[in-house]
Amino acid sequence: MPVASDNAGAGAAWWDDEAGMQRFVADLVAGELAAMRLTGPALPPRPWPADLHIGRDLGADSLELMGVASALADALQMHESGIEDYLLVRLTLGEWTQIAQTSLSRFSHRLTFRTSGSTGIPKSCVHELDALLQEVREIAPLLQGTRRILSAVPSHHIYGFLFTMLLPAALGLAAGDVIDLRSGSAASLGQQLRQGDLVIGHPEFWRAAVRAVRVFPDGVTGATSTAPCPDEISEALQQAGLARLLQVYGSSETAGIGWRFDHEAPYQLLSFWRRAGVDGAGLLRDGDDAVRQCQDRLTWLDERRFVPTGRIDQAVQVGGMNVFPARVRRELLLHPDVLDASVRLMRPAEGNRLKAFVVPRDAAADPAELHAKLDAWAGARLTAPERPRAFSFGAALPVDAKGKPADWLIRG
């Protein structure tokens, strides 16, 4: 396939980095197959070689191949270049990388990112490349002096894309200066860190990192997004010597909205956003008349500073993913042995996963047997972040003195 140039503009050819482009494609393939396979064969550890066959080596059948190819074509807007059909003919990772590069060389103005789909239907969010580059150009000066980027996030999600695919060039880094942390443990992080490193993570990664790394080398900066980082984690990282932790507020729908280095400070609105509406959650981007609704309620200190004060859509964060307890409850209620159920995020002392309180249809049901049944039921119907890690049972759901739904303690 000949490679033709398009009119994306100077500095926009992020796809020319073959290693980075192959990482993007591999991340998307792995993410799509994991979403299709609630159970099934485990994928081989990454990084994957260029000659990895997506069908044979990953065990993808014809339907899975079609689904993954469609997802990559959608992500890169391949219908604009007209070469998406090659994905079902040339099936190695290296060939898909070359097809992606060729497609982007012909059209790269828009990209599609998907939400996690924790409600059951992933949402496609289309972004102009120029808008993403605008965000990176504003973030880059905050991170001057970065010598390497170490990433614990997938590059096909919007946060990972911005910070591992676009940001390196804005910081003047070479392809080899981006290192994938996901194949190692948190304990190995401390051995890899050097002065000038920027570590891209999410709250659960940082929770594990602060336990494993007792003292950070001088001059190491962190970045976190996908969910508010709990204050106790930010404080622990500071005590362990992390120079700074950049907290980015945004979503797949909006990309980045604001940032802060101090967890006790409000977020600073990026310069191209402005407040809109009276509910605190509406925003307008320069050059766009469409009001974007944030997924959190925002409390504004002035026109440029804000603090998120809770999800509007009732999502919670598990392992860096948006999870909806209401959806998990609906799946549990479909089990014939369940009369009623409540699902919540665990208390900090209990863990960082979901828990469920179940009212059995048969009051005499054996709790251990029902627990095993529900665990298997959840494993077949829910993604790993959605599956409750603790089940409690009782004759009625917990309520407070006013009869409103209440939390419960996990016992034994």
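Observations
- Within segment 252-307, tally of residues that are under 19 Å from C125 (Cα atoms) and touching a Cys at 6+ places or on another chain (Cβ under 8 Å): 7
- Among the residues of segment 122-167, those identified as of a type in the set (S, T, Y) and in contact with a Lys or Arg (Cβ under 7 Å, 6 or more places away or on another chain) are S124, S155.
- Among the residues of segment 153-184, those identified as farther than 19 Å from Q101 by Cα and of a type in the set (F, W, Y) are Y159, F163.
- Residue check, G258 in contact with a strand residue (DSSP E or B) (Cβ under 9 Å, 6 or more places away or on another chain), part of a strand (DSSP E or B) and under 14 Å from E135 (Cα atoms): yes
- Scanning segment 229-245 for residues that are assigned to a loop (DSSP other than H, G, I, E, B) and on the phi < 0 side of the Ramachandran plot yields C229, P230, A240, L242, A243.
- Exclusive hit being buried (at least 18 other Cβ atoms within 10 Å of the Cβ) and not small (G, A, S), set R344, R330: R344
- Residue in segment 273-281 that is more than 22 Å from the chain's Cα centre (by Cα), under 20 Å from P141 (Cα atoms), crowded, with 16+ Cβ neighbours inside 10 Å and of a type outside the set (F, W, Y) present: no
- Residue within segment 339-361 that is of a type in the set (S, T, N, Q) and not assigned by TED's automatic domain parsing to the domain that holds S225 present: yes
- Within segment 208-228, the residues that satisfy the criterion of being assigned to a loop (DSSP other than H, G, I, E, B) and either under 21 Å from Y249 (Cβ atoms) or not assigned by TED's automatic domain parsing to the domain that holds V136 (or both) are S225, T226, A227, P228.
- Evaluation of A395 against (1) in a loop (DSSP other than H, G, I, E, B); (2) in contact (Cβ under 8 Å) with a residue 40 or more places away in the chain (one fails), failing number: (2)
- Residue, surrounded by the fewest Cβ atoms within 10 Å (Cβ to Cβ), within segment 202-245, restricted to residues that are acidic (D, E) and closer than 13 Å to H263 by Cβ: D231
- Matching strands (runs of 3 or more DSSP E) fully within segment 105-207 where at least 3 residues are in contact (Cβ under 8 Å) with a residue 24 or more places away in the chain and over 24 Å from V68 (Cβ atoms): 148-151, 197-201
- Test result for G59, out of contact with any Ser or Thr (no Cβ under 9 Å at 6 or more places or on another chain) and not aromatic (F, W, Y): yes
- Hits in segment 22-46 - residues which are modelled with pLDDT of 90 or more and among the polar types (S, T, N, Q): Q22
- Residues in segment 288-327 that are under 24 Å from P154 (Cα atoms) and β-branched (V, I, T): 3 in all.
- Residues located in segment 313-327, provided they are closer than 19 Å to P228 by Cβ and surrounded by 13 or more Cβ atoms within 10 Å (Cβ to Cβ): A315, V316, Q317, V318, G319, G320, M321, N322, V323, F324, P325
The values are calculated or read from the model by the stated rules, or taken from the named source; none is laboratory data. Note that the structure is a prediction, hence the values are computed from the model and not measured. Note that each Cβ is placed from the backbone with ideal geometry, even for glycine, and that neighbours are counted across all protein chains shown.
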